[in-house]
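What follows is a short report on a single structure.
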């Protein structure tokens, strides 16, 4: 549903921009569009009190480093406004968490999310600083293997698979470095806050994103 909403909003922006197009390049509404891919690294905070417990009573709700890929598409309007959509997939493996001594090999938390974005961008000669935010939704799938081995075919005695949907708000700041007029290297820092049933939940935390944007 969120992906469909994202496509509809981007399409509406394109149609509106074409309709409002003016001959004067300095005053026209539609200023082109950009899109590309970004890799990211971050850290997830949060604890779920309903998560399973270990034999010694420790709540199995890991926090730690996450890595992934994603992308964004923006329509440039007027002098500074950009609107569009984004989507990402992040994975936190057991080895990068604070519970790596509890979670067995093969455990993970994988998050897929996407939504609509809006930011203000200042188009300088060599750098384009920007600030904005995005909203959307996603799902987090967690596999906790507390006893067993992923390399054999023996059924695990203590493993948990859980899926949770969420709504998110994601403020960000960033900067494009204009390698050429058409190719930009982008750097972005954001902090995603996930909400579920009115509560702040995993995945919540900061990320650093680096990638390439292609401008038209």
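The values are calculated or read from the model by the stated rules, or taken from the named source; none is laboratory data. Owing to the predicted nature of the structure, the values given are computational and were not obtained by experimental measurement. In this analysis, Cβ positions are derived from the backbone assuming ideal geometry, glycine residues included, and neighbour counts consider all displayed protein chains.
Conditions tested, residue by residue: (1) closer than 22 Å to residue 109 by Cβ; (2) loosely packed, with under 14 Cβ neighbours inside 10 Å; (3) in contact with a strand residue (DSSP E or B) (Cβ under 7 Å, 6 or more places away or on another chain); (4) modelled with pLDDT of 90 or more.
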site	(1), (2), (3), (4)
170	yes, no, yes, yes
176	no, no, yes, yes
182	no, yes, yes, yes
192	yes, no, yes, yes
203	yes, no, yes, no
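Going by the conditions given, is residue 44 modelled with pLDDT of 85 or more, closer than 30 Å to residue 119 by Cα and surrounded by 15 or more Cβ atoms within 10 Å (Cβ to Cβ)?
Against the criterion (modelled with pLDDT of 85 or more, closer than 30 Å to residue 119 by Cα and surrounded by 15 or more Cβ atoms within 10 Å (Cβ to Cβ)), residue 44 qualifies.
Quick one: which residue in 133, 137, 205 is closer than 23 Å to residue 39 by Cβ, in a strand (DSSP E or B), in contact with a helix residue (DSSP H, G or I) (Cβ under 6 Å, 6 or more places away or on another chain) and touching a residue at least 24 places away in the same chain (Cβ under 8 Å)?
After ruling out the rest, the residue left standing is 137.
Only residues that are within 23 Å of the chain's Cα centre (by Cα) and crowded, with 16+ Cβ neighbours inside 10 Å: list them for segment 47-64, please.
Answer for segment 47-64, where residues must be within 23 Å of the chain's Cα centre (by Cα) and crowded, with 16+ Cβ neighbours inside 10 Å: 48, 61, 62, 63, 64.
Can you confirm whether segment 130-146 contains a residue that is surrounded by fewer than 17 Cβ atoms within 10 Å (Cβ to Cβ), more than 21 Å from residue 88 (Cβ to Cβ) and in contact with a strand residue (DSSP E or B) (Cβ under 9 Å, 6 or more places away or on another chain)?
No, segment 130-146 has no match at all.
Within segment 85-99, can you find the residues that are in a strand (DSSP E or B), surrounded by fewer than 21 Cβ atoms within 10 Å (Cβ to Cβ) and free of Cβ contacts under 8 Å to residues at least 40 places away in the same chain?
Passing the criteria: 89, 91, 93.
Could you tell me which of the residues 69, 20, 5 is at pLDDT 95 or above and surrounded by fewer than 19 Cβ atoms within 10 Å (Cβ to Cβ)?
Result: 69 is the single residue among 69, 20, 5 that is at pLDDT 95 or above and surrounded by fewer than 19 Cβ atoms within 10 Å (Cβ to Cβ).
Against the definition (crowded, with 16+ Cβ neighbours inside 10 Å and part of a strand (DSSP E or B)), how does residue 116 come out, yes or no?
yes
Would you confirm whether or not segment 119-128 contains a residue that is in a strand (DSSP E or B) and either in contact with a helix residue (DSSP H, G or I) (Cβ under 9 Å, 6 or more places away or on another chain) or within 27 Å of residue 65 (Cβ to Cβ) (or both)?
yes
Return yes or no: is residue 144 touching a residue at least 40 places away in the same chain (Cβ under 8 Å) and under 27 Å from residue 59 (Cβ atoms)?
Spelling it out, residue 144 is indeed touching a residue at least 40 places away in the same chain (Cβ under 8 Å) and under 27 Å from residue 59 (Cβ atoms).
Which condition number in (1) loosely packed, with under 14 Cβ neighbours inside 10 Å; (2) closer than 25 Å to residue 202 by Cα is the one that residue 149 fails?
Looking at each condition in turn, residue 149 falls short on (2).
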